[in-house]
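Notes to accompany the following structure.
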Amino acid sequence: MAISPWHQALWHSLQERRQVIPSSTLLVGRPGTDLPNLGLELAGLLLCDAESSVKPCASCRSCQMSARGVHPDLHVISTEEAEGICDRSFRNQSMRYDDTDSTKRERRTTVRSIITVDQIRAVTESLNKSAGLGSSKVCLIYPADALNLNAANALLKSLEEPTAGSYYLLLSSFPGNLPPTIRSRCSRLDLNNPSNDESIEWLTTEHNVDLEVAQQLIAHGLGPYEVLQMNTREDIVAYQVLIDGLTGLISGNVNAGTFAREIGIYDRVLTLKVIQSEIYRGLRESVLPRHSADVPVLITSNLALEFREVLFSVYYAIGKFLSWPKKSVDEQLFLEHIAHKLAFTHNRVLNN
Ligand SMILES: [Zn+2]
């Protein structure tokens, strides 16, 4: 896959400074901005065997295997959840370290969203024992914030004493969720995030996404790759149901219980992200009106001023919820709690 336009400048400087790329690097970028692909390209750069100065060369044996997702010295560790949204070459590589115990896998009823200590042990073993194809080996971990505590502890040892020629690339959109011990052992590289205009331009010209859809979803804080994945009829309908429900909830035409029930069947994390961004947009509009906004705000300035405290508390509550380990809080109950707070008309009647 090609390097996204917003990563180009960084990519060129990485190519030039290949020799000094640290053995443990934490790459940080917003969700949906092509973090896994950039990680894979960087791994390919580190693994390229060509004599030429321009790497990756795209033609050596190593580059060809990287492109097919079958490089023996590229060790990709991920979660089933992340694999579901990554492209095929990523999945080809990461399958190697999926649960080896098939009974364990079959017993599970949910999609695995954490990286386990077994996965880290398996990769450490292969990095230590096998002679590589070339002089480098790369272990790529995405999303690194999905490492559970035991897995993080097991990884720590390898980060402290990497074997010669080994690189660890940790990719994360929520680096604050990584244990400080892991963070302190990596050099952090913050990737450039695309601006809203840049994302909309890329979606509409490169991928023929409808302008209005692109504007709405980007305005709600989704990354361009998240929008691309959502650009199906079904998801757009679900998104519209959410916006209609939220409009009804705010205006008092839909009650909180109905809203939470109807919306609860869709992706709750996405729902909460959209609600959070709507609150942010409403609050921002109330202090800094920008009437030219392409996407109208659902929470008007008047409401934002009147319910300022409530909005701030809901905004922070969602932020906290999204940063907690998955499934640690009942999502449906949390959604109902939020819905009750946002039923402004109802709350106003109660207050008076
Ligand atoms: Zn090459």
Does L288 satisfy the condition of being within 24 Å of the chain's Cα centre (by Cα), modelled with pLDDT under 90 and aliphatic (A, V, I, L, M)?
no
So, of the residues in region 319-345 that are open to solvent by less than 40 Å² (accessible area, probe 1.4 Å) and among the aromatic types (F, W, Y), which turns out to be nearest to N255 (Cα to Cα)?
F344
Y316 fails exactly one of the following numbered conditions: (1) part of a helix (DSSP H, G or I); (2) modelled with pLDDT of 90 or more; (3) surrounded by 14 or more Cβ atoms within 10 Å (Cβ to Cβ). What is the number of that condition?
(3)
Which residues, taken from region 54-87, are open to solvent by 50 Å² or more (accessible area, probe 1.4 Å) and within 12 Å of the ligand (Cβ to nearest atom)?
V54, A58, S59, R61, Q64, A67
Yes/no for G39 being in the same structural domain as S172 (by TED's automatic domain parsing), part of a loop (DSSP other than H, G, I, E, B), more than 15 Å from the ligand (Cβ to nearest atom) and of a type in the set (G, A, S)
no
Qualifying residues in region 88-110 (those that are open to solvent by 50 Å² or more (accessible area, probe 1.4 Å) and assigned to a loop (DSSP other than H, G, I, E, B)) - the one modelled with the highest pLDDT:
T110
Of all residues making up region 197-241, the number that are polar (S, T, N, Q), surrounded by 15 or more Cβ atoms within 10 Å (Cβ to Cβ) and in a helix (DSSP H, G or I)
4
Going through region 42-53 one residue at a time, which ones are among the small types (G, A, S) and more than 9 Å from the ligand (Cβ to nearest atom)?
A43, S53
Out of all the residues in region 261-280, which are in contact (Cβ under 8 Å) with a residue 60 or more places away in the chain and basic (K, R)?
R268
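The values are calculated or read from the model by the stated rules, or taken from the named source; none is laboratory data. Remember, predicted model here, so these are calculated numbers, not experimental data. Ideal geometry is used to build each Cβ from the backbone, glycine not excepted, and the neighbour counts take in all protein chains shown. Please note that ligands, DNA and RNA were not included when accessible areas were found on the heavy atoms of the full protein model with its side chains. Shrake-Rupley method; radii C 1.70, N 1.55, O 1.52, S 1.80 Å.
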